[in-house]
Each structure stands twice: as C-alpha cells, then as structure tokens.
Amino acid sequence: MRLVSVVLSGGSGSRLWPSSRRAHPKPFMRIGDSTLLQQAIERGQACGTGDLVLVTNKDHVFLTRDVLGQMSDPPATTFLLEPKGRNTGPAIALAALQCAKQFGDDTVMLVLSADQLIPDVEAFVASASDAFRLAEQGALVLFGISPTSPETGFGYVEVDRVARESQPAKRFVEKPDLRTAQEFLATGRYYWNSGMFAFTTKAIIAALERHAPEVIHAARNAMNGAKQQNDSLHFDVHQFGLQPDISIDYAVMERADNVYVVPAKFSWSDVGSWPSVASAHVADASGNTFDREVVAIDTTGTHVQVESHGPKTVATVGVHDLVIVDTPDALLVCHKNAAQEIKQVVNALKSRHAEVTELPSTVHRPWGTYASLKEEDGYKVKRITVKPGESLSLQYHHQRAEHWVVVQGKALVQIGDQELETLPGQYRYIPLKEKHRLTNIGNDMLVLIEVQCGNYLGEDDIVRLADTYGRA
C-alpha cells in the first residue's frame with residue numbers, strides 16, 4: 001500500500017489574533033516545541049507516509065520551507081501553491097489529481113489539516129491504521145471525534161451509535177445552533193467532523209465525478225494550466241478562480257453512500273480559540289498558563305502570551321479567566337467567555353485598513369525577516385535578518401534614504417555599482433533613489449539595524465530592479 005500525506009495549510013485564524021495574521025496564519029503558530037504545521041507533517045510520517053503533497057497559499061511557501069528546513073527528517077514534498085483560497089473541495093480535488101499522476105490510482109491519501117493539535121501521536125497512528133484498511137476497500141473515511149460539549153463551531157456526522165468500532169455515516173450537519181448541538185450530544189449518535197480523511201485517489205476522484213462534477217472538471221482545467229517549477233505547481237490565477245468555493249463535505253461527503261467514520265482514539269483540538277490554546281499548556285495550581293516571566297498576584301484561570309522583540313515583564317493583579325496576548329504592535333485583553341468575539345475585533349480593524357491584521361510584528365520574507373522596532377515622523381528603525389547565501393532584491397526608494405549597521409554576520413552591500421564587504425560594527429549609507437542590495441556572504445545569520453529617513457516610509461516605496469525570487 002502506497003501512503004501519501006496531503007496537508008491542507010490555509011486559513012487566517014482570525015480568532016487567534018494578534019498572534020495569527022493573514023501573512024502569518026495559524027499553521028505557523030508554535031504550540032509546545034514546534035509549529036502546528038510541523039506537527040501535522042510529523043503525524044503523517046508516523047503513519048508511514050513517505051511523501052507529502054502540501055496545499056498552501058503561494059505567499060506562504062517560504063514560511064513552509066522554513067518549517068521543513070527545521071525538521072530532522074523532512075519528507076519529499078510537492079507543493080500545490082494556491083493564488084487564492086478556494087476551500088477544501090478544490091484543494092482535495094487538486095491533490096487527488098496530483099497524487100494519481102505522481103503515485104498512482106491506488107495510492108491512499110491521508111488528508112490532514114495543518115492547524116489541529118493532536119498530542120498523542122501513537123493513538124492517532126492506531127486510528128489511522130483502521131482508516132487505511134477501510135480506504136483500501138474503496139471507502140471514503142472520515143475521522144470522527146467523540147463530542148465532549150455542545151460545540152456550535154464544528155460540523156457533526158450522525159451514526160447509529162457512538163462506539164469504538166468504525167461504521168457508516170448516516171448524515172452530516174454543518175455547525176448547528178446551541179439547542180441542536182445539545183440535542184445531538186444527548187442522543188449519543190453524533191461525532192464531530194474532524195476534517196481529516198483517508199481514501200484512495202481512485203475513490204475520491206470517482207466520488208467527485210459522480211457527486212461534484214463541476215469541482216473535478218474545474219480542478220482538471222486548473223491542473224492543465226499549471227506550471228511545474230522544480231517541486232512546486234503554480235496555478236493560473238484566472239483558471240484557479242473558476243473553481244467553486246465549496247467544502248469537501250458539501251461537495252462529496254454529504255452525498256456519497258460509501259462514507260465511513262473511524263472513531264478517534266486520540267485527544268483532538270482544532271485550536272480555534274485562545275481558550276483552546278491555553279488548554280494545550282500545562283496549568284499551574286491556580287489554573288494559569290504562562291511563562292515564568294509573568295508575575296501573577298491573585299490571578300486564576302488566565303492565559304498570558306508574550307511575543308516581544310526583547311525581554312519584557314508582564315504582571316497581572318486581581319484578574320480571573322482572561323486571555324492576555326502581548327505582541328510588539330498589538331495587545332489583546334479578553335475574557336475567556338468572549339474569545340469567539342475576537343473575530344469582530346479583526347473585522348473592525350480591517351474596516352480601518354489597519355495593517356496589524358495583515359502583517360505580524362516580525363515579517364517573514366524568502367530571504368529572512370524584518371521587524372519594526374521604532375517609528376515616528378520622519379524615521380523608522382528596523383531589525384533585519386538574512387539567511388546564509390540569500391539576498392534582498394536590487395532596489396531603490398523614491399522617498400527615503402537608509403542607514404545600515406551590521407551587528408552580526410558578514411554582508412556584501414551593493415550601493416550603486418560598488419560592492420562593499422561589511423562586518424559587524426561597520427556602517428553603510430544608501431542615499432535617496434540610489435540602487436542597492438544586501439547579501440549574506442557568511443555562514444551564519446546576518447543581522448543588521450536599518451534606520452530609514454524620509455517623509456514617507458511605507459513598504460510600497462520599493463522599486464525592484466532585479467530579484468532572486470521573481471518579484472521584480
């Protein structure tokens with residue numbers, strides 16, 4: 001049996017703002033020692049999958065490569081790079097077509113979400129083994145989670161009776177209201193829909209052709225118009241956008257008659273809110289979850305997360321059941337009971353065109369990162385890191401001059417037609433409208449401090465003349 005992991009890495013995670021933002025969404029959040037995306041990939045590897053097909057937004061590919069680069073044994077990966085979000089139906093259709101072409105019709109696809117938390121990997125492998133056995137027999141398999149509360153944010157799937165054995169699905173219900181969810185819980189006939197699946201490429205393609213021909217037809221057109229570049233498939237924006245925006249549940253699972261539910265033998269969280277993030281940490285005797293640097297007086301049931309450019313002490317006094325998330329450019333203080341309302345904060349900020357919903361405080365780029373440390377009228381101070389062997393684009397600015405001081409590593413600084421090796425403690429000045437480029441020619445991370453001076457300091461004041469990453 002050929003096993004392939006298909007990891008769907010998308011979404012914005014707006015309920016986890018300010019840590020999760022459009023340019024740095026939930027799969028790249030660290031829970032414990034690694035990101036949720038890395039945990040999903042390793043979960044598939046533990047099941048014996050030798051290859052990985054990863055579906056993600058094209059803007060997140062370098063973040064994803066960073067995650068793979070940090071793994072001790074990264075799988076051979078094929079990237080399907082979406083120019084825009086198109087839900088799980090098209091994503092799985094595209095992945096199935098790629099798997100059929102690359103690995104064969106009888107390949108078993110283990111479809112995983114990149115933003116879920118499953119601490120017990122051994123128990124997950126046991127459930128996956130049951131799923132693979134059913135998938136080999138032609139079933140479309142869903143991992144079902146035994147509900148522990150009347151959640152309104154999850155889809156439900158009905159069976160004859162929640163049990164330890166796998167059984168056919170009877171019907172699907174999308175996100176019921178509270179009263180209906182309470183009734184579901186009382187009957188003992190419903191699982192939560194985990195959004196994880198197993199099936200052969202042949203079975204899911206046949207199901208799409210029968211129940212959602214418009215989805216598989218549009219996916220084939222998108223694949224035919226795609227361009228292969230090394231390990232990545234790049235889609236034409238227009239053809240990709242013609243795919244229906246539909247979930248795999250609506251497209252196939254609710255209509256097919258060969259859907260089986262494998263009950264999860266593992267604990268599971270979709271990490272969909274800050275209380276669920278808190279529950280993934282070990283609480284102290286007062287029910288608090290935070291780092292040792294937090295000073296807590298008369299505080300109970302509170303989660304504190306600090307993401308700072310430097311050391312910072314946070315103190316809480318006389319507070320209970322709060323979520324406090326402190327980042328360099330945003331502070332969230334929220335009662336745990338109101339955590340689902342954080343999405344309204346994000347919507348309000350978007351209506352003001354606030355960049356704080358888009359970019360994280362440390363912005364990741366293919367070559368490294370930058371973080372704004374200080375900004376006032378006329379100047380901005382940034383910390384820039386560049387990976388070994390990487391370089392920024394050859395560029396110039398209409399409205400700002402820049403001052404660069406290297407503090408770590410070895411840089412090659414191009415100013416005009418002159419190239420200058422620059423070591424820690426050395427300084428370079430880039431005049432207004434002068435072309436320039438920064439390259440890390442050392443073996444270690446290059447770190448420098450940049451001071452921008454000018455009347456306009458926006459990120460859009462960049463004219464790229466040449467770029468390694470195709471952005472010029």
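The values are calculated or read from the model by the stated rules, or taken from the named source; none is laboratory data. Just so you know, these numbers come straight off a predicted model, no measurement behind them. We place every Cβ from the backbone using ideal geometry, glycine too, and count neighbours over all the protein chains shown.
Observations, loosely collected:
- Among the residues of region 276-285, the ones that are in a loop (DSSP other than H, G, I, E, B) and out of contact with any strand residue (DSSP E or B) (no Cβ under 6 Å at 6 or more places or on another chain) come to 3 in all.
- Residue check for P75: closer than 27 Å to G144 by Cβ, surrounded by fewer than 16 Cβ atoms within 10 Å (Cβ to Cβ) and not aromatic (F, W, Y): no
- The residues in region 201-216 that are free of Cβ contacts under 8 Å to residues at least 12 places away in the same chain and either in contact with a strand residue (DSSP E or B) (Cβ under 9 Å, 6 or more places away or on another chain) or surrounded by 15 or more Cβ atoms within 10 Å (Cβ to Cβ) (or both) can be counted, and the count is 1.
- Only a single criterion out of (1) closer than 21 Å to R30 by Cβ; (2) of a type in the set (S, T, Y); (3) in contact with a strand residue (DSSP E or B) (Cβ under 7 Å, 6 or more places away or on another chain) is not satisfied by S273, namely (3).
- Test: residue in region 109-119 that is assigned by TED's automatic domain parsing to the domain that holds I216, in a helix (DSSP H, G or I) and out of contact with any His (no Cβ under 8 Å at 6 or more places or on another chain): no
- Test result for D160, modelled with pLDDT under 95 and either under 26 Å from the mean Cα position of the chain (by Cα) or over 23 Å from V259 (Cβ atoms) (or both): no
- Looking only at residues in region 128-148 that are touching a Leu at 6+ places or on another chain (Cβ under 8 Å) and crowded, with 23+ Cβ neighbours inside 10 Å, the one that is nearest to V252 (Cα to Cα) is V141.
- Of the residues making up region 335-361, just one is assigned to a loop (DSSP other than H, G, I, E, B), in contact with a strand residue (DSSP E or B) (Cβ under 8 Å, 6 or more places away or on another chain) and among the charged types (D, E, K, R), namely E358.
- Residues satisfying the stated conditions in region 99-119, i.e. under 21 Å from D59 (Cα atoms) and in contact with a strand residue (DSSP E or B) (Cβ under 6 Å, 6 or more places away or on another chain): L112, S113, A114
Yes or no, residue by residue, for (1) buried (at least 21 other Cβ atoms within 10 Å of the Cβ); (2) under 12 Å from the mean Cα position of the chain (by Cα); (3) assigned by TED's automatic domain parsing to the domain that holds S194:
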residue	(1), (2), (3)
G13	yes, yes, yes
W17	yes, no, yes
R21	yes, yes, yes
I31	no, no, yes
S34	no, no, yes
Q39	yes, yes, yes
Q45	no, no, yes
D51	no, no, yes
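- Applying the criterion of being within 22 Å of E341 (Cα to Cα) and in contact with a Leu (Cβ under 8 Å, 6 or more places away or on another chain) to the residues of region 149-178, the residue that is surrounded by the fewest Cβ atoms within 10 Å (Cβ to Cβ) is S149.
- Whichever residue in region 376-408 is crowded, with 16+ Cβ neighbours inside 10 Å and either in the same structural domain as D66 (by TED's automatic domain parsing) or of a type in the set (S, T, N, Q) (or both) and, among such residues, is nearest to the chain's Cα centre (by Cα): T385
- Listing of helices (runs of 4 or more DSSP H) fully contained in region 170-272 that carry 3 or more residues being in the same structural domain as I118 (by TED's automatic domain parsing), over 28 Å from the mean Cα position of the chain (by Cα) and closer than 29 Å to C47 by Cβ: 201-211
- Take the conditions (1) in a strand (DSSP E or B); (2) of a type in the set (A, V, I, L, M); (3) over 23 Å from the mean Cα position of the chain (by Cα); L331 misses just one of them, which is (3).
Matching residues to (1) more than 23 Å from G11 (Cβ to Cβ); (2) surrounded by fewer than 19 Cβ atoms within 10 Å (Cβ to Cβ):
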{"site": "G241", "(1), (2)": "no, yes"}
{"site": "W274", "(1), (2)": "no, no"}
{"site": "G301", "(1), (2)": "yes, yes"}
{"site": "G310", "(1), (2)": "yes, yes"}
{"site": "A315", "(1), (2)": "yes, yes"}
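- Enumeration of residues in region 362-409 that are in contact with a Cys (Cβ under 7 Å, 6 or more places away or on another chain) and not hydrophobic (A, V, I, L, M, F, W, C): G378, Y379, R400
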